[in-house]
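To start, the structure itself, in structure tokens.
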Amino acid sequence: MLLREVSDVIQNRLGDPRMGFVSVTKVELSPDCTSAKISVSVLGGKKEKGKTMSALRHASGFVQREASRAIKLRTMPRITFHLDESIEKSVEICKIIDRAVEKDRQALGESKENEEG
């Protein structure tokens, strides 16, 4: 529920011009539910990510307050935002694998040509 509500607040109610395209990827609650680590993926370069993370950290109280209106909890966890770069890392790994596969295909193609010649 917290992931859905925080995503909604960020996408629909947070009007900070520094914000880039943000996706909430994970919410980790502390065992006593007093704090929540919100992992976000930000589209863009290093500069855009920095601006967006700064805006999110600045707006964390607002996001927490807005989410608490929709979620009825005895106490709302304190929200902190953290950059999740796992999507970018996954894309980079896929690119590396694709390049390796293409090199193998080229090498196989060359060896077949040498056998035929």
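Out of the trypsin sites (Lys or Arg not before Pro) in the range 1-97, which ones are loop residues according to DSSP with at most 14 other C-beta atoms within 10 Å? Provide the component values of the computation, followed by the final result.
Details: sites: ARG4, ARG13, ARG18, LYS26, LYS37, LYS46, LYS47, LYS49, LYS51, ARG57, ARG65, ARG69, LYS72, ARG74, ARG78, LYS89, LYS95; in loops: ARG13, ARG18, LYS72, ARG74.
Answer in residue order: ARG13, ARG18, LYS72, ARG74.
Please go through the residue pairs LYS37/LYS72; LYS26/LYS51; LYS51/LYS72; LYS37/LYS95; LYS46/LYS95 and name each one whose alpha carbons sit more than 24 Å apart in this structure.
On the way: LYS37/LYS72 19 Å; LYS26/LYS51 20 Å; LYS51/LYS72 31 Å; LYS37/LYS95 30 Å; LYS46/LYS95 20 Å.
Table pairs above 24 Å Cα-Cα are LYS51/LYS72; LYS37/LYS95.
Quick check on the exposure proxy: order ILE93, ILE71, ILE10 from fewest to most C-beta atoms within 10 angstrom.
Numbers: ILE93 10, ILE71 13, ILE10 24.
Neighbour counts put them in this order, fewest first: ILE93, ILE71, ILE10.
Here semi-axes √(5λ) of the Cα gyration tensor in Å was computed from the coordinates, and among (i) 41, 21, 12; (ii) 44, 16, 10; (iii) 20, 18, 16 the match is (ii). Amide H to amide H distances under 5 Å link ARG18 with no residue, where only residues 5 or more positions off or on other chains count and H is placed in the peptide plane.
Do the sum for the chain: with -39,500 (n - 2.57) for every DSSP H run of n ≥ 4, divided by all residues, what is the mean residue ellipticity at 222 nm, to the nearest 500 deg cm²/dmol?
Values: 4 runs with 66 residues, N = 117.
The per-residue figure over the chain is -19000 deg cm²/dmol.
Each value in this text was obtained by applying a stated rule to the coordinates, not by laboratory testing. Keep in mind the model is a prediction, meaning the values are calculated, not measured. Quick reminder, even Gly has a Cβ in these numbers, built from the backbone with ideal geometry, and neighbours come from all protein chains shown.
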